[in-house]
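Q: The structure is given below, and queries will be raised subsequently.
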């Protein structure tokens, strides 16, 4: 006789599948998309299953289309990897269409944007260059960024970090400025802010660095970002690939907007990242959207997810007009 008696299943009660609540039915299934015969991007979007993140992405784009149709604000926040993966043309296009109404980034993103615009290339082998102390010592990068900040720090126009870089890039000519997210934001008169944490970026370790200048210019942009957040009522804030700086700055800027009774309530948020982190979850998605808690969270590589999202958003906007 076994030491471990087992219950019999003879008296287990079953139910009909017809009576069982379901999560997935025929209406949720994907369809096969043939690019040779179906062709249209709208067919590809329709082929996605109505489940989980595919459903969420379509719904998010539909909601953003509604935000755009009512002329509410859509603020885009991002980190350096977004620029490094070649997505500048995608973001510039969204600004030119008036879909994205403001741009905010950490200073790493601004460095990659400036280098890409000026030199047509960016990023370096950190591990290799760290060995001989040349990591982050690109002279032209530091001189341009720190020089632009100093120039406008000494002016009386209250120009901030992002606007200073954008104006400096525009002065370099159309061929250079056309490649820059920052320059195009300034050209389009869209608020653009850069948020520096001193000591975190390569331009901070070079002879041209001035802590008083960098701090003041970034502080001006924090004040501008608080104004951006105050205008988000009925709009949306989207964070892409910033796990620390932009979630922290966003939370404080929203607080300032609400403290001064300027607005900054009742908006939807979304986070796109390769790995989900604590701060975006709390500071982008959950805390700022209370009590409605309307937010979306997408995990995937930026170079795939952002072009897909942007294309689906433009499609949703076009379909909403019909």
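The values are calculated or read from the model by the stated rules, or taken from the named source; none is laboratory data. Worth saying up front: this structure is predicted, and the values here are computed from it rather than measured. Cβ placement follows ideal geometry from the backbone for every residue including glycine, while neighbour counts extend to all protein chains displayed.
Q: Looking at 46, 71, 97, which is the one that is closer than 19 Å to residue 228 by Cα, free of Cβ contacts under 8 Å to residues at least 40 places away in the same chain and surrounded by fewer than 16 Cβ atoms within 10 Å (Cβ to Cβ)?
A: None of the other options fit; the residue is 71.
Q: For region 166-185, give me the residue count where each residue is touching a residue at least 24 places away in the same chain (Cβ under 8 Å) and either touching a helix residue (DSSP H, G or I) at 6+ places or on another chain (Cβ under 6 Å) or surrounded by 21 or more Cβ atoms within 10 Å (Cβ to Cβ) (or both).
A: The qualifying residues number 12.
Q: Of the residues 134, 122, which single one is buried (at least 16 other Cβ atoms within 10 Å of the Cβ), modelled with pLDDT under 95 and in a loop (DSSP other than H, G, I, E, B)?
A: 122
Q: Let me ask another. Looking at (1) at pLDDT below 95; (2) under 27 Å from residue 40 (Cα atoms); (3) in contact with a helix residue (DSSP H, G or I) (Cβ under 8 Å, 6 or more places away or on another chain), find the lone condition where residue 298 falls short.
A: (1) is the only condition that residue 298 fails.
Q: List the strands (runs of 3 or more DSSP E) inside region 227-315, counting only whole elements, that have at least 1 residues being surrounded by fewer than 15 Cβ atoms within 10 Å (Cβ to Cβ) and more than 14 Å from the chain's Cα centre (by Cα).
A: Those strands (runs of 3 or more DSSP E) do not exist here; none qualify.
Q: How many residues, within region 185-202, are out of contact with any strand residue (DSSP E or B) (no Cβ under 8 Å at 6 or more places or on another chain) and either farther than 23 Å from residue 102 by Cβ or in a strand (DSSP E or B) (or both)?
A: 3
Q: For residue 13, only one of the following conditions fails: (1) farther than 18 Å from residue 309 by Cα; (2) modelled with pLDDT of 90 or more. What is its number?
A: Result: residue 13 fails condition (2) only.
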